[in-house]
Amino acid sequence: MADASPDTAEQVARVLRSIEETQKFVAEQRKLMSEQAKLQAEAAKMERDRALAPWQIIVASMAVGAAFFGAGAAFIKLLT
């Protein structure tokens with residue numbers, strides 16, 4: 001019986017170490033999954049921005065055109 005006690009304590013210690021290693025592994029996996037989710041969100045944002053870029057150029061060009069038209073009209077009115 002005296003031999004069983006140290007062997008049992010060793011098994012308990014091994015199980016506790018195994019549980020601790022598993023918890024560390026799970027925590028690391030969660031951290032990596034969180035980082036991956038952040039990267040996916042950033043990639044989606046960049047894709048959305050890339051898709052909207054031509055429309056932003058079109059709207060900005062229209063605004064510049066309207067500004068030039070207004071400036072030209074004001075200049076013509078100033079001259080007359």
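The values are calculated or read from the model by the stated rules, or taken from the named source; none is laboratory data. For clarity, every value in this text was computed on a predicted model and none was experimentally measured. No Cβ is skipped: glycine too gets one built from the backbone with ideal geometry, and neighbour counts run over all protein chains shown. Heads up: the accessible areas ignore ligands, DNA and RNA and are worked out on the full protein's heavy atoms, side chains in. Shrake-Rupley method; radii C 1.70, N 1.55, O 1.52, S 1.80 Å.
Some notes on this structure:
- Among G70, Q23, M33 - extreme Cα towards positive end, dipole of the chain, charges at beta-carbon: G70
- Under 19 Å from the Cα of K31 - aspartates and glutamates, other chains or at least 8 residues apart: E20, E21, E42
- For the range 14-80: accessible area per residue (Å², 1.4 Å): 94
- Relative counts (whole %) of C-alpha pair distances in the range 1-46, using bins that are 10 Å wide: 24, 24, 17, 15, 11, 6, 2
- Global size of the range 36-80 as Cα Rg and Dmax, reported in angstrom: 19.3, 65
- Largest-first principal axis extents, alpha carbons of the chain, Å: 115, 20, 6
- Residue-wise HN-Hα coupling along the range 31-40, computed from phi with Karplus coefficients 6.51, -1.76, 1.60 (Hz; x: Gly, Pro): 4, 5, 5, 5, 5, 5, 5, 5, 5, 5
- Surface composition of the chain: carbon plus sulfur atoms hold 67% of the accessible area, using a 1.4 angstrom probe and ignoring ligands, DNA and RNA.
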